[in-house]
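Written out below as structure tokens is the structure these notes cover.
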Amino acid sequence: MTHTLHRVLELTENNFDNDIVVMMMAAKGFNKDQSAEKKKEFLRIVGNFDPVNFGEGVRLQLPDKLNGKNVQFLNEIIKTFNDDSTPTAVFDNPEKVEGLIKELKKRDLGLSVIVSGNVEMIEKLLKKQDLSMLPYAVEHRVRKKDDPVGIYGNYYLLPSLHEIEIESMCGHGMIPYSLIQRVSIDLKLGRIDIDSASKILERPCSCGIFNHEKAKEILRHIKEGE
């Protein structure tokens with residue numbers, strides 16, 4: 001079980017493919033001991049494929065696109081790794097993930113790699129590398145005409161769909177709805193722009209899988225009142 005399975009991101013533009021989470025995990029009692037170096041190498045490889053964001057279960061988000069300065073930032077994160085670390089990254093482009101999977105297969109670090117996203121898209125990426133998918137959790141939603149989220153119960157009490165999209169991008173649920181609502185109001189009133197709004201919402205996320213590029217897409221819809 002990972003913390004990347006709660007994301008509700010298909011509502012905006014019906015775009016499944018611009019939010020893909022990749023992480024590496026070790027199994028306690030099997031390959032966890034002395035796994036830190038493999039996890040460090042995993043994150044170094046990830047850094048070569050331009051992730052939107054990355055982390056290690058603490059607040060270690062990527063401030064901008066990778067460049068010389070941020071490569072140094074990545075190396076500072078890696079120094080903190082130990083056997084309990086869980087390196088994570090999120091991508092907005094399937095081609096990047098395809099390249100990453102190809103490189104990880106070549107390197108064969110010996111630890112489990114979990115890819116979360118559109119199941120059909122992920123399966124295609126794996127087949128290109130002659131890999132088979134071993135799905136351990138697939139979410140199927142039964143939707144009704146007036147319930148696009150596919151949640152049973154009194155879903156009228158839930159926040160708006162766009163607010164759910166943003167909140168669910170943090171695996172630990174650290175982005176409060178009150179913050180999303182405040183940022184949405186400031187955005188509509190012109191007090192902040194979309195880039196600033198995305199950065200504000202990203203700050204509470206402790207796991208490094210908040211997709212700020214996807215968040216900008218959602219915020220554009222909020223600003224336009226859609």
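The values are calculated or read from the model by the stated rules, or taken from the named source; none is laboratory data. In this text the structure is predicted, and so the values were computed from the model without any measurement. As a convention, Cβ positions derive from the backbone with ideal geometry for all residues, glycine included, and neighbour counts pool all protein chains shown.
Collect the residues in the stretch 201-218 that are without any contact (Cβ under 8 Å) to a residue 40 or more places away in the chain, in a helix (DSSP H, G or I) and closer than 17 Å to Ser178 by Cβ, keeping them in residue-number order. Spell out the reasoning first.
Going residue by residue through the stretch 201-218, those that are without any contact (Cβ under 8 Å) to a residue 40 or more places away in the chain are 201, 204, 216.
Of the ones still in play, those that are also in a helix (DSSP H, G or I) are 201, 216.
Leu201, the sole residue that qualifies.
In the set Glu95, Glu139, Glu120, Glu103, only one residue is modelled with pLDDT of 90 or more, under 19 Å from the mean Cα position of the chain (by Cα) and not hydrophobic (A, V, I, L, M, F, W, C); that residue is Glu95. Looking only at the stretch 158-200, filter to residues that are touching a helix residue (DSSP H, G or I) at 6+ places or on another chain (Cβ under 6 Å) and assigned to a loop (DSSP other than H, G, I, E, B); which one of those is farthest from Val8 (Cα to Cα)? Checked the stretch 158-200; the qualifying residue farthest from Val8 (Cα to Cα) is Ile192. Flag: Ile101 matches the condition of being part of a helix (DSSP H, G or I) and in the same structural domain as Asp50 (by TED's automatic domain parsing).
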